[in-house]
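The structure appears right after this line, and notes come after that.
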């Protein structure tokens, strides 16, 4: 699998509120551009919309605060990867729901950290949702 080299760096900070403020600020900028559900357009999926709100609900399901920080730090690089990469992801059917396909893209931040972005696609409607971003195990 080829990794997209992003220009965005990881967000700095050790406290969740510092990191989340920056990540959520970027999300709010994207949210202002849309009247309904916030989205970005993906180069790989031929400029289809990738909806972003599922990421935040998925993030706050995590009980571990360190894991939330770890995932939030990669949010700007994940958005850039979704918008610009044309590299083939690893795609497989969701083992829990046969009506979904999970696409996993890999990327490298500007400060040379490997991360993965997971996008969920509903087979019936064709809608795509940004589910998660996480670094290679540290």
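Since every read-out is calculated from the coordinates, none of them should be taken as a lab result. Small disclaimer: the values here were computed from a predicted structure and weren't measured. Positions of Cβ are backbone-derived with ideal geometry, glycine not excepted, and every protein chain shown enters the neighbour counts.
Below are the figures for this structure:
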item	result
Given (1) under 16 Å from residue 4 (Cβ atoms); (2) touching a residue at least 60 places away in the same chain (Cβ under 8 Å); (3) surrounded by 12 or more Cβ atoms within 10 Å (Cβ to Cβ), index of the condition residue 41 fails	(2)
Complete set of residues in the range 44-56 that are free of Cβ contacts under 8 Å to residues at least 60 places away in the same chain and closer than 22 Å to residue 12 by Cα	56
